[in-house]
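K.L.:
Could you have a look at this structure, given as structure tokens, before my questions?
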Amino acid sequence: MYHLIPITCFVVFAFGVLVLRHPVEVAYTLLAWFPVLIFLIAITHEFFRGIHQFNHQLLHVAYDSSYALSLIGICLFLRAVIKRKRTILVLAATLIAAMPLGCIFTTQP
């Protein structure tokens, strides 16, 4: 689990950089696609080349960033509900960010 800390720091840093240029909801939406993209790259690599260390590490990056972005998304969704702003956009982005985690929970016996 030592890889969770650097990935979480990367996600928080990227979110902070995006918030400087965009509103919070838009910045989160732009970042929410990252875990799904990395997850699809890792699964495609595994399909064509088999299980190797590269796709194993990519899957860890996808899962860890999905954890961090799902937590940020839940916080932003609650913030949007309280302020009555763009709840659908934040909820959709949170569901997109949580897709790799959903894959873990649905495929594990």
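The values are calculated or read from the model by the stated rules, or taken from the named source; none is laboratory data. Because the structure is predicted, anything quoted here is derived from the model rather than measured. Note: ideal-geometry Cβ built from the backbone for every residue, glycine included; neighbour counts use all protein chains shown. Quick note on the areas: whole protein, heavy atoms, side chains included, nothing else; ligands and nucleic acids left out. Shrake-Rupley method; radii C 1.70, N 1.55, O 1.52, S 1.80 Å.
K.L.:
Scan region 25-40 and report the pairs whose first residue is within 20 Å of PHE54 (Cα to Cα) and whose second residue is open to solvent by 60 Å² or more (accessible area, probe 1.4 Å), with Cβ atoms within less than 8 Å and a gap of 6+ or a chain change.
P.N.:
Short answer, once both residue conditions are applied: PRO35/MET99; VAL36/MET99; PHE39/MET99.
K.L.:
So which residues in region 1-19 are assigned to a helix (DSSP H, G or I) and either in contact (Cβ under 8 Å) with a residue 40 or more places away in the chain or more than 19 Å from GLY73 (Cβ to Cβ) (or both)?
P.N.:
LEU4, ILE5, PRO6, ILE7, THR8, PHE10, VAL11, VAL12, PHE15
K.L.:
To continue, here is another question. Taking region 1-32, which residues are farther than 14 Å from SER70 by Cα and β-branched (Val, Ile, Thr)?
P.N.:
ILE5, VAL17, VAL19, VAL24, VAL26
K.L.:
Can you tell which of LEU91, LEU69 is at pLDDT 90 or above and either open to solvent by less than 40 Å² (accessible area, probe 1.4 Å) or under 23 Å from THR107 (Cα atoms) (or both)?
P.N.:
Within the list LEU91, LEU69, the selection yields LEU69.
K.L.:
Criterion first (closer than 19 Å to THR107 by Cβ and exposed (fewer than 15 other Cβ atoms within 10 Å of the Cβ)) does PHE47 satisfy it?
P.N.:
Answer is yes for this residue.
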